[in-house]
Amino acid sequence: MGAPKKRLSVAPLPRYRAARDFEDLAEAADRMDRRPKVFLACVGPLAAHGARATFATHLFHAGGLDVEQSAPDLDADALASAFSARGAPFACLCATDDGYAEHAQELCRALDAAGARSILIARKAASDDDALRAAGLAGYVHLGCDAEAVLRGLLELEGARYSQTSAMIRVLARRGDLYGDSDDERALIDMTA
């Protein structure tokens, strides 16, 4: 018969829902008097801005922000007027790289003058963006960006406060590696919080 077999014991992997952080952001937006809004300044025809506008829309919605999209235009003053009419505190430029090269600097200046609290651009940072930053560009949204940080920054600019709810306690506990080592420990923490 031989020696008895040893039982292998494996600790379960910790559970973590990646969507939880974005749900927390959306909940913070819901607690505000009005959900913050991002105005998408769409430069040129749909074929020129459609993919980036769609990406930006989904990213902002993931954090609980509403999105207002402009009609396609090339005129900075017309897009700035549309921004003002929509009452959005934030703007995001959506165009092709060539469209950005031709129109982004003028558009950043016009949106900044129209009162945009933060102006983003739907692309990665480029080495020659100094003039855009001087004209009011504050950040970037793109595949691979720290979406949570971008969204949290916009919500905080609008005064979002993260209350001491159990969700916030869990977020802080996870970040401080204090959320327990097992499902049983996490359940006990959740019941206590």
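So which strands (runs of 3 or more DSSP E) stay within the stretch 1-104 end to end and still have 1 or more residues that are modelled with pLDDT of 90 or more, touching a Leu at 6+ places or on another chain (Cβ under 7 Å) and farther than 26 Å from residue 127 by Cβ?
In the stretch 1-104, the matching strands (runs of 3 or more DSSP E) lie at 37-42, 66-69.
Evaluate the following for residue 44: is it of a type outside the set (Ser, Thr, Tyr), on the phi < 0 side of the Ramachandran plot and open to solvent by less than 20 Å² (accessible area, probe 1.4 Å)?
Spelling it out, it is not the case that residue 44 is of a type outside the set (Ser, Thr, Tyr), on the phi < 0 side of the Ramachandran plot and open to solvent by less than 20 Å² (accessible area, probe 1.4 Å).
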Selection within the stretch 105-122 - part of a strand (DSSP E or B) and either among the small types (Gly, Ala, Ser) or surrounded by fewer than 20 Cβ atoms within 10 Å (Cβ to Cβ) (or both): 118
Residue that is among the hydroxyl-bearing types (Ser, Thr, Tyr) and open to solvent by less than 80 Å² (accessible area, probe 1.4 Å), where the choices are 9, 70: 70
Conditions (1) of a type outside the set (Val, Ile, Thr); (2) touching a Phe, Trp or Tyr at 6+ places or on another chain (Cβ under 7 Å); (3) assigned to a loop (DSSP other than H, G, I, E, B); (4) closer than 15 Å to residue 157 by Cα; number of the one not met by residue 125: (4)
Matching entry among 78, 29, 95 (being open to solvent by less than 70 Å² (accessible area, probe 1.4 Å) and under 17 Å from the mean Cα position of the chain (by Cα)): 29
Cross-chain or 6+ apart pairs with Cβ under 6 Å, the stretch 102-128 first and of a type in the set (Asp, Glu), then part of a loop (DSSP other than H, G, I, E, B): 112/136
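The values are calculated or read from the model by the stated rules, or taken from the named source; none is laboratory data. None of these values were measured; they are calculated from a predicted model. With ideal geometry, Cβ positions are generated from the backbone for all residues, glycine too; neighbour counts draw on all protein chains shown. Side chains included, ligands, DNA and RNA excluded: accessible areas come from the protein's heavy atoms. Shrake-Rupley method; radii C 1.70, N 1.55, O 1.52, S 1.80 Å.
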